[in-house]
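The values are calculated or read from the model by the stated rules, or taken from the named source; none is laboratory data. On a predicted model such as this, the values are computed, not experimentally measured, just so you know. Here Cβ is always computed from backbone atoms with ideal geometry, including for glycine, and neighbour counts include all displayed protein chains.
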Amino acid sequence: MFKKFINFYLRYQNISLKISFILISLQLLHLYWLTTDVVIYRLTGIDYFVGLSDFILLFIIIDYIEIPALVSGIIYYFFAITFDKNEKEKRIKNTILLILLSIQSIHIFWITDEVVYSTFVGSDLIYMPEYFAWIAILIDYLELPVIYDLLKRIIRKEK
């Protein structure tokens, strides 16, 4: 049964690449929210998210899409490291990208965006040292190299 799954996945790996890219790329909108509504506001006191607050539900939905995006990306890089003969020479790079995604998935259960936001706005319900919030924010940006790599792979496969 496991062998059938592996064969199925390898047969449709190009589709998996594109799905992973689309799902993880949606996180660019999440990073935009994080940068404008949290980071820049915390550093400068200027809220660049003002005009987009009507779309907060969209940003919340995209934030939840992060879970299947990470699962998809982790599976893609795991298979690239383990089974793809063409990727053997890129094993170190693939391993690093897999680790970045794994750290990102651990972060989801460790410090959520709501905890970070509450820490910065001074909520009494949750107390966390501010440096933990900054670490969680930096972890969110670990998706950027993965997005870049997946886009490069799609372009290369299309040629």
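Residues are listed down the side, and each one gets a yes or a no for (1) among the aliphatic types (A, V, I, L, M); (2) modelled with pLDDT of 75 or more; (3) more than 16 Å from Leu34 (Cα to Cα); (4) under 21 Å from the mean Cα position of the chain (by Cα):
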residue	(1), (2), (3), (4)
Thr119	no, no, no, no
Ile126	yes, no, yes, no
Phe132	no, yes, no, yes
Asp140	no, yes, no, yes
Glu143	no, yes, no, yes
Tyr148	no, yes, yes, yes
Lys152	no, yes, yes, yes
Arg156	no, yes, yes, no
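Sort out which residues of segment 44-67 are within 10 Å of the chain's Cα centre (by Cα) and not β-branched (Val, Ile, Thr), and write them in order of number.
Asp63, Glu66
Only helices (runs of 4 or more DSSP H) wholly contained in segment 1-98 count here; list those with 3 or more residues that are surrounded by 13 or more Cβ atoms within 10 Å (Cβ to Cβ) and among the hydroxyl-bearing types (Ser, Thr, Tyr).
Helices (runs of 4 or more DSSP H) meeting the threshold: 13-25, 56-82.
Tell me, please, whether a residue that is over 20 Å from the mean Cα position of the chain (by Cα) and farther than 21 Å from Asp149 by Cβ can be found in segment 78-95.
No, that holds for no residue.
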